[in-house]
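Here the structure is laid out as structure tokens; the discussion comes afterwards.
The values are calculated or read from the model by the stated rules, or taken from the named source; none is laboratory data. Because the structure is predicted, anything quoted here is derived from the model rather than measured. Cβ placement follows ideal geometry from the backbone for every residue including glycine, while neighbour counts extend to all protein chains displayed. Only protein heavy atoms, including side chains, enter the accessible area calculation; ligands, DNA and RNA are left aside. Shrake-Rupley method; radii C 1.70, N 1.55, O 1.52, S 1.80 Å.
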2 protein chains.
Amino acid sequence: MARWEPNARERLERSALTLFTEHGFDATTVAEIADRAGLTKSTFFRHFADKREVLFGGQDMLVQLFSDAIRTAPPSATTAECLAAALEAAAVAFTPERHDLAPQRRAVIAANSELQERELLKRARLASAMADALRARGADEATARLAAEVGVLAFGTGYARWAAPENRLPFTEIARAALHELQASASTLGVPES
Amino acid sequence: MARWEPNARERLERSALTLFTEHGFDATTVAEIADRAGLTKSTFFRHFADKREVLFGGQDMLVQLFSDAIRTAPPSATTAECLAAALEAAAVAFTPERHDLAPQRRAVIAANSELQERELLKRARLASAMADALRARGADEATARLAAEVGVLAFGTGYARWAAPENRLPFTEIARAALHELQASASTLGVPES
């Protein structure tokens, strides 16, 4: 019997992260996660396909946010401006309220090689989605691929800095700074060999 | 009883690729691969840990070649010159004799989502090794990461073009052209926003 549970998704997420941290990802069951959140297994499965999705469920949303931001950027926007728009759009996922979950999530992933692989694949998918969106705007192949990698690097660096326990700055500001650092490196790299 | 078999590794590789192409990767067994090559299963396991290694066994060698080339480039070499040296070093793995295996390998990987993930992870490891080698030369974090991605993109594009059945150009020449295209894109991306 489906019943509406206030904040069920977030309660499940917090329980899961606590249990993953205490007992490891592999040793934690869905039943234990639901139980700790005071919810049922079927409520868990209404929100997540499996326990891995607690950690990576945001991927589809990020793909969508990145793609939409790049596709809807003004026609006059440069490639770098498209990347900045994508990072700005992603900020809805990284609010101050969710800041305390981030270091836990990162620690759980760092402790498990399979989850690390999943994280790398997630980044590859984000890059691929950004490259598609840039191609759709008419970027040539080399630029679409390179810019997508720059976007994902700025995102990854931005996320890591934002997730640091002591950080108090908003995601957009941090990610934009990371993008500027990468742009500075890109201009150095772009200098042709003598 | 270990016995020396001439060209055993290459014979196993060719048998495996033929069987993967005919029956699919998942349906092919090590026994069938060895049998088709006229060798024993134990000979197979002296060359490969499992059938997946037939496709990805070159990864460790590439990591080594890339890292060594970057570490031993002259101190005056620019970051882009280090990448060019890495790509040049990789060319030993992509000789004309091995050219006919490449389209088969690519088709086998393209037909299997798990193998595609493995290929993405391989690229992530190559990037990580290149970034480490660049950091060891004193590159700053943003430049090391960005340049490593550029190196892997040039490698990937170069490999795909080299592996095209109709291609007759050597890997080094193709990869260097791909690197130059990416450098041109990098200088555009590096232009600060107005």
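If you put a point 7 Å past Cα along the Cβ direction, how far is that point for A:G24 from the same point in each other copy, in nm, smallest first? When each copy's label point is compared with this one, the spacings are 3.3 nm.
Both the radius of gyration and Dmax for region B:91-159 are 14.3, 41 Å, in that order, over alpha-carbon atoms.
Computed with a 1.4 Å probe over protein heavy atoms only, the accessible area of A:E149 comes to about 40 Å².
Here the accessible area of chain B is 54 percent carbon and sulfur, with a 1.4 angstrom probe and all protein chains present.
Quick one: net charge around A:L134, please, counting Lys, Arg +1 and Asp, Glu -1 for every other residue with C-beta under 12 Å from its C-beta.
Working: positive: A:R71, A:R135, A:R137, A:R145; negative: A:E81, A:D132, A:D140, A:E141, A:E149.
So the environment of A:L134 carries a net charge of -1.
Gain on full extension, evaluated as 0.36 nm per residue between B:R125 and B:E10 minus their Cα-Cα distance, stands at 38.9 nm.
Here the relative contact order of chain B, from alpha carbon pairs under 8 Å that lie six or more residues apart, stands at 20 percent.
Sparsely packed loop sites in region B:1-85 (the chymotrypsin sites (Phe, Trp or Tyr not before Pro) outside DSSP H, G, I, E and B with at most 15 other Cβ atoms within 10 Å) comprise B:W4. Per residue, the convex hull around the alpha carbon atoms of region A:48-116 comes to 111 Å³.
Using 0.36 nm per residue of separation minus the Cα-Cα distance, give me the extension gain between B:R161 and B:D60 in nm, one decimal.
Working: separation 101, 0.36 × 101 = 36.36 nm, distance 2.21 nm.
Difference between extended and current length: 34.2 nm.
With the cut-off at under 14 Å, measuring from each backbone N in region A:54-80 to a point 7 Å along the Cα-to-Cβ line of A:D132 picks out A:60-71. Once both labels are positioned 7 Å from their Cα atoms along Cα-to-Cβ, the gap between A:A93 and A:A107 label points is 2.3 nm. As an exercise, take the mean of 1/r over every pair of distinct alpha carbons in the protein assembly as shown, invert it, and state the Kirkwood radius in angstroms. By the Kirkwood definition, the hydrodynamic radius is 23.1 Å.
For the pair B:L169 and B:T18, the difference between a 0.36 nm per residue extended length and the Cα-Cα distance amounts to 51.9 nm.
With a 10 Å cut-off around each Cβ of A:145-152, the average count of Cβ atoms from other chains is 6.
Hydrodynamic radius of region A:1-113 by the Kirkwood approach over all distinct alpha-carbon pairs: 15.8 Å.
Averaging Cα coordinates gives a centre for region B:7-51 and one for region A:15-85; these two points are 40 Å apart.
Report, in listed order, any pair from A:K41/B:K122; A:K122/B:K122; B:K51/B:K122 with a Cα-Cα distance greater than 26 Å. Pairs exceeding 26 Å: A:K41/B:K122. Normalised by the number of residues in region A:1-90, the average gap of Cα pairs under 8 Å and 6 or more apart makes the relative contact order 21 percent.
Residues of region B:98-137 with an amide N closer than 18 Å to a point placed 7 Å from the Cα of B:D26 along the Cα-to-Cβ direction: B:107-119. Along its three principal directions, the equivalent ellipsoid of region A:46-194 from the Cα gyration tensor extends over semi-axes of 26, 17, 16 Å, largest first. Nearest 0.05, what FRET efficiency do A:E81 and B:A177 give at R0 = 30 Å with Cβ-Cβ as r? For A:E81 and B:A177, the calculated efficiency is 0.60. Dividing the summed -39500 (n - 2.57) terms of all DSSP H runs of n ≥ 4 by the residue count of chain B sets its mean residue ellipticity at 222 nm at -22500 deg cm²/dmol.
What trypsin sites (Lys or Arg not before Pro) does region A:57-158 have in DSSP loop regions with at most 16 other beta carbons within 10 Å?
Details: sites: A:R71, A:R98, A:R105, A:R106, A:R118, A:K122, A:R123, A:R125, A:R135, A:R137, A:R145; in loops: A:R137.
Answer in residue order: A:R137.
Give the interface area between chains A and B as buried accessible surface, both sides summed, probe 1.4 Å, in Å² to the nearest 100. Mind showing how you got there, number by number?
Working: alone 10820 and 10830 Å², together 18850 Å².
Between A and B, the summed buried area is about 2800 Å².
The value of relative contact order for region A:92-167, using C-alpha pairs under 8 Å at least six residues apart, is 36 percent.
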